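Heads up: the structure comes next, in structure tokens.
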Amino acid sequence: MLYQELEPVGDNAQSAARPAAVQLTLATLAVGTAATVQAVQLWDSLGDRLVELGLTPGAPIEVLRRGLFGGPVQVRIRDFALSVNRLQAQAIQVRAEAVRG
Amino acid sequence: MAESRPPGALEVALCGNPNTGKTTLYNQLTGARAHVGNYPGITVDRRVGEHTCANDSQWRVHDLPGTYSLTAHSPEEEIAHQALTGRLDGPAPDVVVVVLDASNLARNLLLLLQVAELGCPAVAALNMMDAAQAAGLAVDLPGLRQQFGCPFVAMVARTGQGLLELEQAVQQVAAQPELGRVTPTLWSPAVLQTLEQIRQLHPLLADAPPGELLWWLAADRLVADHLQPGLGSLLHAQVPRQPQADGDVRRLLVHERYARIDAALAETVRRTRPQQRSSSDRVDDVLLHPVAGVALFLVAMGLLFQAVFAWATPVADGVGELMAALSAQVQQWLPDNLLRDVLIDGVLAGVGGTLVFLPQILILFAGIALLEDSGYLSRAAFLVDRLMARAGLPGKAFVPLLSSHACAVPGILAARTMADPRDRLLTVLIAPLMSCSARLPVYTLVTAAVFSGSAPLLGFLSVGGLIVAGMYILGFLLALVAAAVFRRTLIPGQGAPLLLEMPPYRWPRPRNVLRVLWDRGIDFTIQTGATIVALTVVLWALMTFPRQGLADHERAALTATAHATAAAHTPERAKAEAAIQARDAQVRLENSLAGQLGKVIEPAIQPLGFDWRIGIGLVGSLAAREVLVPVMAQIYGRGSQGDVDDAFAADVGGAMAKAGALTPLSGLSLMVFFAVAMQCFNTLATIARETRSWRWALFALTYLNGAAWLLSFVVYQTGRALGYT
């Protein structure tokens, strides 16, 4: 699922209308996938707080688990566990690390 | 800082991220003999204590609130910033000890850099070194000192390991502040240009050191405006946000600090073995599991509620008996006069009325302290966040609202676990809507009187039971509605979005738990208790004066009848005399100010189906809702009984129904009124204390009682329109 989102395949009829690569966010990143932070697209004090907590570009990040019914997302960032809710997760852009296996 | 300062004592501030063991270090230093108070206007705990070093020098230790940053995005950060820059109510500290979690250095070092930028001489205390070593981290202390410039001390605050080294480092820095200077970060040209640009904007910034410029640039606009009118707005107008990943200079400040930290840590921290999943991660796999985690959460909350609701009762009853015994003693010691009455029915009743909450409060806070100290409270908030968010409430509002079903007083106090003041206010305002245990005697009175005869629905569901359950649901639904309305009007915004650090699980420390209990218990007993006693005395006066009982000729006539119908020293005579006493008490109450008040408010409550007698009951139930029962007993001549049990409530309700004062319809209306109204001045006093404002307390009183009146009105008038009486 993850890699489909990254690189829409040619035989997908909708792919032409879509941007070349769908931006991956914490809301769409699969649990357990290693990734790095690209940008925190929240330009208020909450976004500043997330950056101060260590979500700087290039920092390794991993989704540990998701809450029930579209609940919060728990991530590991800089050696600690942090929960953010779904809206925030959608604004945190990430890049998945190179495809393994 | 406001207190007397011992001559020569060093002012040492402790600063650090939450969950770094900062408070443990503080307790080690001061022996926890702390002056605990609150910062003005907000419920952020403030602790100042004394420490005597091994070489007899004295420190005054200030435990600053735990913060991730100093850019003033929260009240805690604002306090920490003001204290560090000497803006609070005393001088800036001589030395700042920045407590760092050794296993989580990057984020902790960000705070060290910010502290240093403010110009504070710093000592870095690397706490929980044992845990870091156990996790396979090797930290090069001299290397860190070389990278950052200030002393680094390895510690295990829990055991006191490293305390001596910390004392020495702090004393060295106090003697030579330059030893505690952190090497400044090498900023990129973009940052340096912006700093020069803002330097021209304001005379205050013209000669400021670079670190101060950095703070002003990053600070929250409103907070900056508050410190220096207009400056925050000016900075945000002149240096607007640039919503691109690497174009925003405020973001660059953080990115560049982290870049420096990451480079320094690459040189100084080494993993001796590959990173493994921690035991906390494995526990989380169960406790945050969609099925098992939710089930365990329900069990934990069920236990907590059971403890507050049921286990506190015997202790509370004991307190009641103790106060009754004390009252009896006072009654014997003092002659029968007004002073005795005000002591017993005003002051002692108020003290008892305060102490009776203590068992619930202490049990609830013991539970919360265990949950918080172990790290579970953050997990619980994670589990229910989605559910609560639908009502605009944060996950952490769950525990206060749950415990409010036992009693709103401890529930409101529990709202302190929420960091955001707006979330706290919202929770406090809706907590009284949860049907508390004091409403039960009232529900019993009504259901026993007017619904006990109804045939069970479907053969087994008692109508009374269903209606009582309906009251619980009514309160809960109204709370959700009220929360949604307040979020859109009075307390706008989404509240603090969930942004939780999940601390590693730890065994709760008994000393911490006891400390919380002691602090909360004392605070409630003294601060809130004073208000409760004062209000109890006022209510006593209302229900006592002008002390006009049976007129002499009426009493004489009644006595004559009694003498004529029953011989002396027979049970009949005693019964007749008791009846005269009851009649006298009844007349006194009717003639009292409260009685007159009941008659005055009758036009207002008549549309709800209540007569002036119930009006007196409403006045009396201000002390506690269940007081409605003894007050109505007095009015209907059913005598008095210290302990309000179900049988007594049913008896009084029966008398009311027989007199025609209570019909199924007016009974339902009365239950709805009690379910919604805030008639309990203990809750009122607690709201005033917790929000630091009588305005919010009076607001809660108005909106809850207004809603209660409206709903009862709708129930009663609809019922009448449908042909019920």
The listed residue being under 24 Å from B:Val291 (Cβ atoms) and open to solvent by 30 Å² or more (accessible area, probe 1.4 Å), out of B:Arg379, B:Arg386:
B:Arg386
In the range A:22-51, which residue that is more than 7 Å from chain B (Cβ to nearest Cβ) and open to solvent by less than 10 Å² (accessible area, probe 1.4 Å) is modelled with the lowest pLDDT?
A:Gly47
Residue in the range B:280-290 that is under 30 Å from A:Leu68 (Cβ atoms), basic (Lys, Arg) and either surrounded by fewer than 19 Cβ atoms within 10 Å (Cβ to Cβ) or at pLDDT below 85 (or both) present
yes
So which residues in the range B:57-72 are at the interface with chain A (Cβ under 9 Å from one of its Cβ atoms) and either out of contact with any helix residue (DSSP H, G or I) (no Cβ under 6 Å at 6 or more places or on another chain) or over 17 Å from B:Arg87 (Cα atoms) (or both)?
B:Tyr68, B:Ser69
Of all residues in the range A:66-85, which are surrounded by fewer than 21 Cβ atoms within 10 Å (Cβ to Cβ) and facing chain B (nearest Cβ under 8 Å)?
A:Leu68, A:Phe69, A:Gly70, A:Asp79
Flag if B:Gly149 is free of Cβ contacts under 8 Å to residues at least 60 places away in the same chain, within 30 Å of B:Ala54 (Cα to Cα) and under 37 Å from the mean Cα position of the chain (by Cα)
no
Give the residues of the range B:146-160 that are surrounded by 15 or more Cβ atoms within 10 Å (Cβ to Cβ) and of a type outside the set (A, V, I, L, M), sorted by residue number.
B:Gln147, B:Phe148, B:Gly149, B:Cys150, B:Pro151, B:Phe152, B:Arg158
Turns out the helices (runs of 4 or more DSSP H) fully within the range B:369-432 with at least 3 residues that are within 14 Å of another protein chain (Cβ to nearest Cβ) are B:376-389
Do we find a residue being at pLDDT below 80 and farther than 30 Å from A:Gly71 by Cα anywhere in the range B:494-501?
no
Can you list residue pairs whose Cβ atoms sit under 7 Å apart, with the first residue in the range B:76-104 being outside any loop (DSSP other than H, G, I, E, B) and of a type outside the set (A, V, I, L, M) and the second being open to solvent by 10 Å² or more (accessible area, probe 1.4 Å) and at pLDDT 90 or above? Count only pairs 6 or more apart in sequence or on different chains.
B:Asp101/B:Met128
Out of curiosity, is B:Pro75 open to solvent by 10 Å² or more (accessible area, probe 1.4 Å), away from chain A (no Cβ under 11 Å) and touching a helix residue (DSSP H, G or I) at 6+ places or on another chain (Cβ under 7 Å)?
yes
Can you tell me how many residues in the range B:243-278 are within 8 Å of another protein chain (Cβ to nearest Cβ) and in contact with a Ser or Thr (Cβ under 6 Å, 6 or more places away or on another chain)?
2
Out of all the residues in the range B:100-121, is one or more farther than 24 Å from A:Leu82 by Cα, of a type in the set (Asp, Glu), away from chain A (no Cβ under 12 Å) and surrounded by fewer than 20 Cβ atoms within 10 Å (Cβ to Cβ)?
no
Taking the condition away from every other protein chain (no Cβ under 13 Å) and not in a loop (DSSP other than H, G, I, E, B), does B:Ala237 pass?
yes
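Here's the yes/no breakdown for (1) among the hydrophobic types (A, V, I, L, M, F, W, C); (2) open to solvent by 10 Å² or more (accessible area, probe 1.4 Å):
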position	(1), (2)
B:Tyr636	no, yes
B:Ala650	yes, yes
B:Leu662	yes, no
B:Ala697	yes, no
B:Leu701	yes, yes
B:Leu704	yes, no
B:Tyr716	no, yes
B:Arg720	no, yes
Test B:Ala560 against the stated conditions and say whether it is over 34 Å from the mean Cα position of the chain (by Cα), away from every other protein chain (no Cβ under 14 Å), exposed (fewer than 14 other Cβ atoms within 10 Å of the Cβ) and in a helix (DSSP H, G or I).
yes
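For every residue, the table says whether it meets (1) surrounded by fewer than 16 Cβ atoms within 10 Å (Cβ to Cβ); (2) assigned to a helix (DSSP H, G or I).
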position: B:Leu303; (1), (2): yes, yes
position: B:Gln306; (1), (2): yes, yes
position: B:Ala310; (1), (2): yes, yes
position: B:Thr313; (1), (2): yes, yes
position: B:Asp317; (1), (2): yes, yes
position: B:Ala324; (1), (2): yes, yes
position: B:Ser327; (1), (2): no, yes
position: B:Gln331; (1), (2): yes, yes
position: B:Pro335; (1), (2): yes, no
Exactly one of these conditions fails for B:Asn512: (1) open to solvent by less than 60 Å² (accessible area, probe 1.4 Å); (2) assigned to a loop (DSSP other than H, G, I, E, B). Give me its number.
(2)
Members of the range B:216-234 found to be open to solvent by less than 30 Å² (accessible area, probe 1.4 Å), closer than 17 Å to B:Gln197 by Cα, in a helix (DSSP H, G or I) and out of contact with any Asp or Glu (no Cβ under 7 Å at 6 or more places or on another chain), listed by number:
B:Trp216, B:Leu217, B:Ala218
Can you find a residue that is in contact (Cβ under 8 Å) with a residue 24 or more places away in the chain and at the interface with chain B (Cβ under 8 Å from one of its Cβ atoms) anywhere in the range A:52-61?
yes
It is to be established whether one or more residues within the range B:171-182 are surrounded by fewer than 21 Cβ atoms within 10 Å (Cβ to Cβ) and at positive phi.
no
Would you please name the residue that is nearest to the chain's Cα centre (by Cα), looking only at residues in the range B:122-144 that are outside any helix (DSSP H, G or I) and surrounded by fewer than 24 Cβ atoms within 10 Å (Cβ to Cβ)?
B:Ala135
Which one of these does B:Ala295 not meet: (1) open to solvent by less than 40 Å² (accessible area, probe 1.4 Å); (2) assigned to a helix (DSSP H, G or I); (3) more than 8 Å from chain A (Cβ to nearest Cβ)?
(1)
Being out of contact with any Cys (no Cβ under 6 Å at 6 or more places or on another chain), touching a residue at least 40 places away in the same chain (Cβ under 8 Å), of a type outside the set (Val, Ile, Thr) and more than 14 Å from chain A (Cβ to nearest Cβ) narrows it down to one of B:Gly230, B:Gly211, B:Gly180, so name that one.
B:Gly211
Do we find a residue being outside any helix (DSSP H, G or I) and open to solvent by less than 70 Å² (accessible area, probe 1.4 Å) anywhere in the range B:571-584?
no
Candidates B:Val442, B:Val463, filtered to the one that is farther than 30 Å from B:Arg488 by Cβ, of a type in the set (Val, Ile, Thr), open to solvent by 10 Å² or more (accessible area, probe 1.4 Å) and at pLDDT below 85:
B:Val463
When the range B:174-212 is checked residue by residue, the ones that are assigned to a loop (DSSP other than H, G, I, E, B) and small (Gly, Ala, Ser) are B:Ser188, B:Ala208
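The values are calculated or read from the model by the stated rules, or taken from the named source; none is laboratory data. The shown structure was predicted, so the numbers you read here are calculated from the model rather than taken from an experiment. Cβ atoms come from the backbone with ideal geometry, glycine included; neighbour counts cover every protein chain shown. Just so you know, the surface numbers come from the protein's heavy atoms only, side chains and all, with ligands and any DNA or RNA stripped out. Shrake-Rupley method; radii C 1.70, N 1.55, O 1.52, S 1.80 Å.
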